[in-house]
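Here is the structure we will look at, set down as structure tokens.
The values are calculated or read from the model by the stated rules, or taken from the named source; none is laboratory data. In this text, all values refer to a predicted model and were calculated from it rather than measured experimentally. Cβ placement follows ideal geometry from the backbone for every residue including glycine, while neighbour counts extend to all protein chains displayed.
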Amino acid sequence: MFLVSVLFTVVFVPNVFASEDQTYDEIFETYGLKTVSEIPNGVNPIEIKNEKELVYFLELINKSIDDHAKKEKKPIVIDLSKNINSDASTFATRTYTVDSYQIGVPLYGKVDLKVTVTDDGYRVTRALAFTNITGFTLGFDWDETTRGVEIYSNGRDVYAWAEGELEYYLLVNGTVRLYSKTISLDGYLMIFH
């Protein structure tokens, strides 16, 4: 496949995580990087200049995922009473972002978990969860593997979750390598009682 000529070059300060010099092959094996011959449309590999930069990049990804998993999540509280309409048959539909994973290192894309809820002014009657990737995402791709939503407490609470693979396409020594990590997202909506 023809590789896109426009490449994003990552600029890092080396030696932050690399405690010893490793060869590319050792790094590929340690982190499970795979060689790929095709890249998705719209994805331009991130150019990596040397072994230390590669280790630094991969460790930043891992740290970002660990930090997201440890992040305290607070429910989003919504007040449906502000939207009560005199026509009881009117249903309102709104979308909320309940969790986001910031694609760090120091790029600015993110994966959002959103929930679209339909309510009757008193409780949620329907909910749909979905994910999307936004921002600067040229070297990345998102492959959602599962998602779901549950309505609890007679329509007063909504829990949503999603999981997928965030795929990083890296140009290392003239070869495109794939590094993928599982990202888990979840969040709550609480209806003001």
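If only residues of region 144-156 that are modelled with pLDDT of 95 or more and either surrounded by 19 or more Cβ atoms within 10 Å (Cβ to Cβ) or not hydroxyl-bearing (Ser, Thr, Tyr) (or both) are counted, the one that is farthest from Leu80 (Cα to Cα) is Glu144. Any residue at all in region 175-186 that's farther than 20 Å from Ala92 by Cβ, without any contact (Cβ under 8 Å) to a residue 60 or more places away in the chain and of a type in the set (D, E, K, R)? No, region 175-186 has no match at all. Of the residues making up region 133-172, those that are farther than 12 Å from Val43 by Cβ and either in contact with a Ser or Thr (Cβ under 6 Å, 6 or more places away or on another chain) or of a type in the set (Ser, Thr, Tyr) (or both) are Thr134, Glu144, Thr145, Thr146, Tyr152, Ser153, Tyr159, Ala162, Glu163, Gly164, Glu165. The condition (being outside any strand (DSSP E or B) and under 12 Å from the mean Cα position of the chain (by Cα)) is satisfied by just one residue among Thr131, Thr137: Thr137. The number of residues in region 130-143 that are modelled with pLDDT of 90 or more, surrounded by fewer than 17 Cβ atoms within 10 Å (Cβ to Cβ) and either among the aromatic types (Phe, Trp, Tyr) or more than 13 Å from Val111 (Cβ to Cβ) (or both) comes to 1.
Provide a single number: the residues in region 63-90 that are in a loop (DSSP other than H, G, I, E, B) and at pLDDT 75 or above.
The total comes to 6.
Residues in region 23-50 that are without any contact (Cβ under 8 Å) to a residue 60 or more places away in the chain and in contact with a helix residue (DSSP H, G or I) (Cβ under 6 Å, 6 or more places away or on another chain): Ile27 only.
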